[in-house]
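The values are calculated or read from the model by the stated rules, or taken from the named source; none is laboratory data. Just so it is clear, the structure is predicted and the values come from calculations on it, not from any experiment. Neighbour counts are summed over all protein chains in view; Cβ atoms, including those assigned to glycine, are modelled from backbone coordinates with ideal geometry.
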Amino acid sequence: MLTIAVDAMGGDHAPKSEVDGAIRAVRSLDVRVILVGKQDIIHKELAQHEGVRDLPIEIQHASEVVTMEDSAAKAVRTKRDSSIRVASRLVRDGIAHGFVSAGNTGAVMATAKMVQGMIPGVDRPALASAFPTLKGTPVVVVDVGANVDCSARMLAQFAVMGEIYSRVIFRTERPRVGLLSIGEEEHKGNELTRSATPLLKSLPICFIGNVEGRDIYTGDIDVIVCDGFIGNVALKVSEGLVDMISKMLRESLEETITRKIGYVLARTAFQDFKKRVDYSEYGGAPLLGVKGVCIIAHGRSNANAIKNAIRVAKEFAGGRANERIEAELGGSQLSNASVAAKAD
């Protein structure tokens, strides 16, 4: 049974969502959970649930909480007993196989990088997010916010890590990898995308070339690589679009209710739509490139999102994704010498 540490103090609805999600996870996923945070608060929340005494849930006390207003540097430097840092230490020390946090994203990334360390061959960690597609199979977008400025070498590393993530978590046999640009033609894009193309071609992956923003949702590509600035914009635009469409559909449903025509059918379709685009079904974004498993969940994560984030952490650890990333990066042509030669 794998053990996953959960930062119980991080999210907008902490610790309720974290505790509820942990209970759901241990009841359905054959996993053990360590809830990290202020012990008295977590105990009080657990007491609201019946039948939890015999569940594989433990509490690890952490006296400090990183808020959304704290800078990443401040959190790492001054809050040495924060729930994020204690959870990260549990992974580093081998007590937990991974940790989940819906807290301050910058602080989680900085803490995981410092406490757990980086996988050899990875310059910087990257956030991988799963987007829904028309074909029902998710596409993995890397990076969605960890690195605003990237090099061609970093994009190549993102491609390798994203391709492995797609294989391990989504069971994609041979993921198709595309480079996000402003046109499919190889000469289009900026200096970064043009310099990254020869590196991506040299990798032992199924690189299909440039893809455009509209390709994110078709289901024809399995992994899309971009810098964190573009990826985060794509993520936030997508979230806003889903919220708008959901609201519009709900308003249309209310009109249908007043007409008493086709209500059951329309409501069923609406529920199906919500499930297909609901971020909570995907859990969270793994921080690729750090030693050990770190899953960053949405700040407003509900219990279902936390449960699924724990599931992703378990699958990532059980699939030995980090070992595969290290092995494949080491065997790829991403050494400093080859990068310099291709850049010339």
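Among the conditions (1) in contact (Cβ under 8 Å) with a residue 12 or more places away in the chain; (2) within 19 Å of the chain's Cα centre (by Cα), the only one that ARG171 does not satisfy is (1).
Residues are listed down the side, and each one gets a yes or a no for (1) more than 23 Å from ASN308 (Cα to Cα); (2) of a type in the set (D, E, K, R); (3) not in a helix (DSSP H, G or I):
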| residue | (1), (2), (3) |
| --- | --- |
| PRO120 | yes, no, yes |
| ASP123 | yes, yes, yes |
| ALA130 | no, no, yes |
| ALA146 | no, no, yes |
| ARG153 | yes, yes, no |
| ALA156 | yes, no, no |
| MET161 | no, no, no |
| SER166 | no, no, no |
| ILE169 | no, no, no |
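No other residue among ALA196, ALA266, ALA234 is in a helix (DSSP H, G or I), surrounded by 12 or more Cβ atoms within 10 Å (Cβ to Cβ), at pLDDT below 85 and of a type in the set (Gly, Ala, Ser) apart from ALA266. Given the criteria surrounded by fewer than 22 Cβ atoms within 10 Å (Cβ to Cβ) and assigned by TED's automatic domain parsing to the domain that holds ASP220, does CYS150 qualify? So CYS150 does not fit the description; no. Within region 151-176, the set of residues being in contact with a strand residue (DSSP E or B) (Cβ under 9 Å, 6 or more places away or on another chain) and farther than 18 Å from PRO286 by Cα comprises ARG174, ARG176. In the set ILE84, ILE59, ILE41, ILE95, only one residue is in a helix (DSSP H, G or I) and over 20 Å from the mean Cα position of the chain (by Cα); that residue is ILE41. Only residues that are in contact with a helix residue (DSSP H, G or I) (Cβ under 6 Å, 6 or more places away or on another chain) and modelled with pLDDT under 65 were counted across region 282-304, and they come to 0.
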